[in-house]
Amino acid sequence: ETMDAALAAKPDIIIIPEWDEQNENTSLRPTLSNLSAFTRITRIFRGMTPELPGDDKNIPNLIVSYRKVVALGEKPEFEVLGLPDSGGNVQSRFLLRAPDGHEVFHSSLFSFSGKNMEEQRFSIPSESWAGMPYLCPELEVIRNGKTVVYKDGLQFIKIEPVSNCDYQYVKQPLRD
């Protein structure tokens with residue numbers, strides 16, 4: 001949304017300054033938490049394909065985004081971003097599991113056309129997580145009638161009892 005607003009002004013250049021980029025996780029460089037997310041999104045705004053050399057095109061071009069640390073009482077936001085994908089449309093559902101594997105939350109089924117950049121955002125109250133040290137996210141993806149669950153490699157969400165915690169987001173493309 002911010003990039004759309006900046007581009008609407010028809011600028012000659014766009015500068016993205018931040019005084020503490022690495023600590024606030026707002027840098028455009030690849031990091032453990034961002035991987036290639038900014039590269040893929042920036043390529044779309046430049047009119048290029050978001051697909052990168054070496055991409056496994058059997059994996060949907062989706063990015064999962066959420067805070068890696070949540071304080072109890074907060075209502076954190078989650079996002080699944082669908083990028084243009086030569087593999088076509090997909091459906092996905094976001095899930096959170098307790099350390100023992102018990103399902104704590106599952107979203108509705110989202111559809112992504114594969115033709116445009118499309119987002120699905122949702123919030124989840126954290127009160128039901130009070131007894132858990134962390135949650136394990138999963139993304140269930142349905143493409144061409146086949147269901148695949150992506151969970152290995154997704155950053156777990158740490159639960160903190162106090163509000164002064166790490167506000168860093170992870171933005172994990174499935175293709176990374």
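The values are calculated or read from the model by the stated rules, or taken from the named source; none is laboratory data. Just so it is clear, the model here is predicted, and its values are computed rather than measured. A quick note on method: Cβ atoms are made from the backbone with ideal geometry, for glycine too, and the neighbour counts reach across all protein chains shown. Quick note on the areas: whole protein, heavy atoms, side chains included, nothing else; ligands and nucleic acids left out. Shrake-Rupley method; radii C 1.70, N 1.55, O 1.52, S 1.80 Å.
Note on exposure: 123, 86 ranked by accessible area (1.4 Å probe, complete protein assembly) read 86, 123, with the most exposed listed first. What a 1.4 Å probe finds exposed on the chain is 52% carbon and sulfur by accessible area, rounded to a whole percent. Between 130, 37, 71, the residue with the greatest mean-square fluctuation in the GNM of the chain (Cα pairs under 10 Å linked by springs) is 130. Across 11, 137, 76, mean-square fluctuation computed from a Gaussian network of the chain (C-alpha pairs under 10 Å connected) peaks at 11.
The charge dipole of the chain, taken about its Cα centre with unit charges on the Cβ atoms of Lys, Arg (+1), Asp and Glu (-1) only, comes to about 520 debye.
When ligands, DNA and RNA are left out and all protein chains stay put, how many square angstrom of accessible area per residue does the chain have with a 1.4 Å probe?
On the way: 9890 Å² over 176 residues.
I get 56 Å² per residue for the chain.
Springs join every pair of Cα atoms under 10 Å in this Gaussian network model of the chain, and among 157, 13, 63 the largest mean-square fluctuation is at 13.
Considering segment 38-124, its Cα convex hull presents a mean projected area of 6.9 nm². Computed with a 1.4 Å probe on the full set of protein chains, the accessible area for residue 132 sits at about 40 Å². Counting only the Cα atoms, segment 109-163 fills a convex hull of 132 Å³ per residue.
How much length is gained on full extension from residue 4 to residue 56, taking 0.36 nm per residue of separation minus their Cα-Cα distance?
On the way: separation 52, 0.36 × 52 = 18.72 nm, distance 2.82 nm.
Working it through step by step, the gained length comes to 15.9 nm.
Taking all protein chains as they are arranged and a probe of 1.4 Å, the heavy atoms of residue 2 leave approximately 120 Å² accessible to solvent.
Considering every pair of different Cα atoms, what Kirkwood radius, in Å, is found for the chain? Walk me through the intermediate numbers first.
On the way: mean 1/r = 0.0579 Å⁻¹.
Taking the inverse mean of 1/r over all distinct Cα pairs, the chain comes out at 17.3 Å.
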